[in-house]
1. Quick check: is even one residue across segment 236-247 at pLDDT 70 or above and not in a helix (DSSP H, G or I)?
2. Across segment 120-152, what is the total count of residues that are more than 19 Å from Asp216 (Cβ to Cβ) and under 17 Å from the mean Cα position of the chain (by Cα)?
3. Going by what's in this entry, would Arg57 be described as more than 27 Å from Ile141 (Cβ to Cβ) and basic (Lys, Arg)?
4. Do the conditions hold for Ile39, that is, is it over 25 Å from the mean Cα position of the chain (by Cα) and at negative phi?
5. Which condition does Thr80 not pass, out of (1) part of a helix (DSSP H, G or I); (2) farther than 30 Å from Pro251 by Cα, if it passes all the others?
6. Test of understanding: among Leu140, Leu110, which residue is touching a helix residue (DSSP H, G or I) at 6+ places or on another chain (Cβ under 8 Å) and modelled with pLDDT of 90 or more?
7. So, of the residues in segment 80-118 that are surrounded by fewer than 12 Cβ atoms within 10 Å (Cβ to Cβ) and of a type in the set (Phe, Trp, Tyr), which turns out to be nearest to Leu177 (Cα to Cα)?
8. Out of Ala123, Ala107, Ala139, Ala81, report the one residue that is in contact (Cβ under 8 Å) with a residue 12 or more places away in the chain and among the aliphatic types (A, V, I, L, M).
Amino acid sequence: MRGRWSAVVVHASLALCCFILAAPVLLALLFSTQTPGQIFSYPPTFALGSAMAENYRIAWTQFHLGRYMLNSFYIAIAVTAGKTVISFFSALVLVYLRFPLKSWVFAFILLTLMMPTEIIIVALFDLVTGLGWSNSYTALIVPFLASATGTFLFRQHFLQIPFSLIDAARIDGAGPLRFAWNILLPMSMNVIAALGVIQFVYMWNQYLWPLIVIHDNERQVIQIGLRMMSGGQDATNWGIVMAGAVITLLPSLVVFFLLQEQFSRGFSLSQEK
């Protein structure tokens, strides 16, 4: 009986935590269906409103969310693919190749995780401007291609793979690239999926750097588009803004749900024997 009550308490606590975490999204979903009068009514109305179709139609057509989402999707896919490739091969070098000061190189890579992007924005902006990349997709893609997180994840994964596979590959006449393509890559799909989810969501939520380096609205990303929605109205209609926020959430949610199983396995600390 005591064990049953303990299980009930644990499950209730977890359900409460899930509700607290999901509350902002649920409120955004409700407000996206309401008129300003319903949103600011007292007492508040926690029910679907009467302006759902109108709010979503205005958010999509009048504020051009489709164009901004296409820009963000292109940038997020390019960065995710580039980061995955670079992280894969950098971890391959750190694990399987011998060179002086290898441990120090890895330590330096880890130290970059402690450096927020914001503190290098001025120097990065000067570099991008000097290269002539300002106001271009290149400025949004190239600076984010290196990933200490991806290198760390791949390195830890490679260390769990028996080194006897290398000897077997050498006996079969496989070179480094063939070993990476035929053996390491198929065994790393869970890590690739986990890194893909992290990097896609990270790039999809980019705000500060695009705000600084992009001046043409045609090239702006979706987070800036959302900011334009709240600032482009004489009197902010939060129902329309929340509708835009809900639309913006969908691509990240789709990517996560499609890769959630591989995402969980990619961060698993256990290894099947």
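The values are calculated or read from the model by the stated rules, or taken from the named source; none is laboratory data. As the structure is a prediction and not an experimental result, all values here were calculated from the model. Heads up, the Cβs are rebuilt from the backbone with ideal geometry, glycines too, and the neighbour counts pull from every protein chain shown.
1. Taking segment 236-247 and keeping what is at pLDDT 70 or above, we get 236-247.
In the following step, the residues that additionally are not in a helix (DSSP H, G or I) were identified as 236-237.
Checked against the condition, which is being at pLDDT 70 or above and not in a helix (DSSP H, G or I), segment 236-247 yields at least one hit.
2. So the count comes out to 9.
3. Working: more than 27 Å from Ile141 (Cβ to Cβ): yes; basic (Lys, Arg): yes.
Here the answer is yes, as Arg57 does meet what is asked.
4. Numbers: over 25 Å from the mean Cα position of the chain (by Cα): yes; at negative phi: yes.
So Ile39 fits the description; yes.
5. (2)
6. Working: Leu110 fails: modelled with pLDDT of 90 or more.
Testing whether each residue is touching a helix residue (DSSP H, G or I) at 6+ places or on another chain (Cβ under 8 Å) and modelled with pLDDT of 90 or more leaves just Leu140.
7. Here the residue is Phe99.
8. Working: Ala123 fails: in contact (Cβ under 8 Å) with a residue 12 or more places away in the chain; Ala107 fails: in contact (Cβ under 8 Å) with a residue 12 or more places away in the chain; Ala81 fails: in contact (Cβ under 8 Å) with a residue 12 or more places away in the chain.
Exactly one residue qualifies, and that residue is Ala139.
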